[in-house]
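Novice: Encoded as structure tokens, here's the structure I'll be asking about.
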Amino acid sequence: MTVDQINFSGKKALIRVDFNVPLDKNTFAVTDDARIRATIPTIKKIIADGGACVLMSHLGRPLKKLNEDGSIAYDKFTLQHVLEKVTELTGVAVQFAGDCMGEKANEMANDLKAGEILLLENLRFYKEEEKGDVTFAEKLSKLGDIYVNDAFGTAHRAHASTAIIAQFFPKAACFGYVMAKEIENAQKVMQDAERPFTAITGGAKVSDKLLILENLIEKVDYLIIGGGMAYTFLKAQGYEIGSSLCEDDRLDLCRELMTKAEQRGVKLLLPEDSVVADAFSNEAAYKMCSNQQIETGWMGLDIGEKAIASFSEAILSSKTILWNGPMGVFEMSHFENGTKQVGAAVVAASKNGAFSLIGGGDSAAAVAKFGYENEVSYISTGGGALLEYFEGKQLPGIAAIEAVC
Ligand code: 3PG
Ligand code: MG
């Protein structure tokens, strides 16, 4: 059930959004508004119906990043930082409650008229949010008539505002457009993938990606492994990897995954070559070398030309592409090329009609850096949430809505 099935005329929608967006360290200005932009259609639909919106979100992890004296850094984690952006993007002067509960928030929510928007303060200023506290959820539930969950990025958390609260809205809860689209696109890849289906995985650690790799091996035709995690696989094959990233306690698991891929007829592609450097720095000396001969003291920070060619060939032959994780340290100019070229191949395949889904961690940031945002099929707003979806887990934020509507 989505917002399309509800007429919000005269109703107050309590919308869980994911406004956990990156901020400038000094000015606290929003540096990437993708998650906010994504929710605008949901807000606009409710307002067009003649409803009002109460928006609630978390921002960062304030209770895990306390000030030195143990107090909460309200100034750093206040959702006031996104207020101007939300006002700009909705075209409505958004009101700010200064708290997510209590007298003032209740009053402001009560007084809200059709067409108005109220933003609540960071839910994670209360420990009850992350604990999934039922009383806290019930108090929040009083702030709206209909509960809309549009926070895909936080759907993997069983928190008060993402999962527990839904029970207080029997037959009055639904997904927003972000959630609906994310689920639809993830399902398209996970359940109805047109073949060949290629998954591109990268990032630093094998241990972060084990479950998703295990699950993807059951589904894909090509499994591309780049980024730091590739070196653990290369070492597992018996290669010298110099001082490249390696998780020695995962070597057996890498071997098992490679065997499993072979048994299932999945083509597992590891990089044949690397751009190696003598330090983890853009100022370090660097050169291209084969992955069979990385010398002591050198570390792989990007995939090399041969790897780009073979990865691109697989990508270009594909009809469905899932990309999770960069190919190298794309934040540093000397080690960005692998990620950039793999991105270019994803763009070219998409132009040829492939469906490409990008998400999880840094891949969306890479796609933005290289200007591919409008040239791939879909960029997920989810990091960890998308990852868990592709691990085959049920996401509490999705399950809670399904249970009550
Ligand atoms: C995210 O960016 O991962 C989501 O907003 C969830 O935040 P969390 O990882 O701190 O729970
Ligand atoms: Mg996260």
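Every number here is computed from the coordinates shown, using simple stated rules; none is lab data. A quick note: this is a predicted structure, and the numbers were derived from the prediction, not measured. In this analysis, Cβ positions are derived from the backbone assuming ideal geometry, glycine residues included, and neighbour counts consider all displayed protein chains.
Novice: What distance in nm separates the two pseudo spin-label positions at ASP278 and LYS104, each 7 Å out from Cα along the beta-carbon direction?
Specialist: With each label point 7 Å from Cα toward Cβ, the separation is 5.9 nm.
Novice: Then there's this: Hand me the tally of lysine pairs in segment 1-67: alpha carbons under 28 angstrom apart, and the pair either on different chains or 8 or more positions apart.
Specialist: Working: LYS11/LYS44; LYS11/LYS45; LYS12/LYS44; LYS12/LYS45; LYS25/LYS64; LYS25/LYS65.
Summing the qualifying lysine pairs gives 6.
Novice: Let me ask something additional. Just want to confirm a number: the relative contact order over the chain, from Cα pairs under 8 angstrom separated by 6+ residues, in percent.
Specialist: Reported relative contact order: 16 percent.
Novice: Please arrange GLU103, GLU313, GLU116 by counting, for each residue, the other beta carbons lying within 10 Å of its beta carbon, fewest first. Before the final figure, lay out each step's value.
Specialist: On the way: GLU103 8, GLU313 13, GLU116 18.
The order, fewest Cβ neighbours first, is GLU103, GLU313, GLU116.
Novice: How big is the charge dipole of segment 202-287 about its Cα centre, in debye rounded to the nearest 20, if each Lys and Arg gets +1 on its Cβ and each Asp and Glu gets -1 on its Cβ? Let's see the in-between values first.
Specialist: On the way: 10 positive and 15 negative charges, 51 e Å.
Computed about the Cα centre, the dipole is about 240 debye.
Novice: Which of rounded, prolate or oblate describes the chain when judged by the alpha-carbon gyration tensor and an a/c cut-off of 1.5?
Specialist: Numbers: a/c = 2.19, a/b = 1.82, b/c = 1.20.
Judged from the Cα gyration tensor, the chain comes out prolate (a/c at least 1.5, a/b above b/c).
Novice: With axes computed from alpha carbons, what is the tilt in degrees of helix 34-49 against the longest principal axis of the chain, rounded to the nearest 10 within 0 to 90?
Specialist: For 34-49 against the chain, the angle is about 30 degrees.
Novice: Would you kindly derive the ³J(HN,Hα) couplings of segment 195-207 from the backbone phi angles with the Karplus curve 6.51 cos²θ - 1.76 cosθ + 1.60 (θ = phi - 60°), listing them in order in whole Hz, with x for Gly and Pro?
Specialist: 9, x, 10, 10, 10, 9, 10, x, x, 6, 10, 5, 4
Novice: What are the lysines whose alpha-carbon lies under 22 Å from the alpha-carbon of LYS235, with same-chain residues fewer than 8 places away excluded?
Specialist: Qualifying lysines at Cα under 22 Å: LYS205, LYS209, LYS260, LYS267, LYS287, LYS306.
Novice: How far is it, in nm, from the label point at ASP111 to the one at GLU262 when both lie 7 Å from their Cα along the line to the Cβ?
Specialist: For the pair ASP111/GLU262, the computed spacing is 7.1 nm.
Novice: Continuing with the same structure: If you average the alpha carbon positions of segment 57-117 and of segment 182-214, how far apart do those two centres end up, in angstrom?
Specialist: 34 Å
Novice: Treating the beta-carbon of each Lys and Arg as +1 and of each Asp and Glu as -1, no other charges, what is the dipole magnitude of the chain about its Cα centre, to the nearest 20 debye?
Specialist: Numbers: 41 positive and 55 negative charges, 175 e Å.
That gives the chain a dipole magnitude of about 840 debye.
Novice: Please name whichever of ASN282, GLY115, PHE330 sits farthest to the positive end of the charge dipole of the chain, dipole taken about the Cα centre and charges placed at Cβ: Lys and Arg +1, Asp and Glu -1.
Specialist: The Cα lying farthest towards the positive end belongs to GLY115.
Novice: So for the pair ASP69, ASP145, with labels modelled 7 Å out along Cα→Cβ, what separation do we get in nm?
Specialist: Simple spin-label model gives 4.6 nm for this pair.
Novice: Working out 0.36 nm times the residue gap between ASP192 and ALA285, then minus their Cα-Cα distance, what length gain in nm do you get to one decimal? Working shown, then result.
Specialist: Details: separation 93, 0.36 × 93 = 33.48 nm, distance 4.56 nm.
Length difference between fully extended and current span is 28.9 nm.
Novice: Additional query: Once you list every other residue whose beta carbon is under 13 Å from the beta carbon of GLU262, what net charge do they have if Lys and Arg are +1 and Asp and Glu are -1?
Specialist: On the way: positive: ARG255, LYS260, ARG264, LYS267; negative: GLU256.
Taking every other residue near GLU262 into account, the sum is +3.
Novice: Which of SER71, SER380, SER317 comes first, and how do the rest follow, when ranked by fewest Cβ neighbours within 10 Å? Show your work: numbers first, answer last.
Specialist: Details: SER71 8, SER380 26, SER317 14.
The order, fewest Cβ neighbours first, is SER71, SER317, SER380.
Novice: Towards the positive end of the charge dipole of the chain, with charges on Cβ (+1 Lys, Arg; -1 Asp, Glu), say which of GLY202, ALA385, LEU14 has the farthest Cα.
Specialist: So the residue furthest toward the plus end is LEU14.
Novice: Arranged by the count of other C-beta atoms within 10 angstrom, fewest first, what order do CYS53, CYS254 take? Please report the intermediate quantities before stating the final value.
Specialist: On the way: CYS53 27, CYS254 23.
Fewest to most other Cβ atoms nearby, the residues stand as CYS254, CYS53.
Novice: Hey, in the GNM for the chain with a 10 angstrom Cα cutoff, which one of HIS81, HIS159, HIS58 fluctuates hardest?
Specialist: Sorting by GNM fluctuation, first place goes to HIS81.
Novice: Mean-square fluctuation check for the chain, GNM, Cα pairs under 10 Å: which of PHE370, PHE175, PHE355 is largest?
Specialist: Per the Cα network of the chain with a 10 Å cutoff, PHE370 tops the list.
Novice: Sticking with this structure for a sec: Using only Cα atoms, tell me the angle between helix 337-351 and the longest principal axis of the chain; keep it within 0 to 90° and round to the nearest 10.
Specialist: On a 0 to 90 degree scale, this one is about 70.
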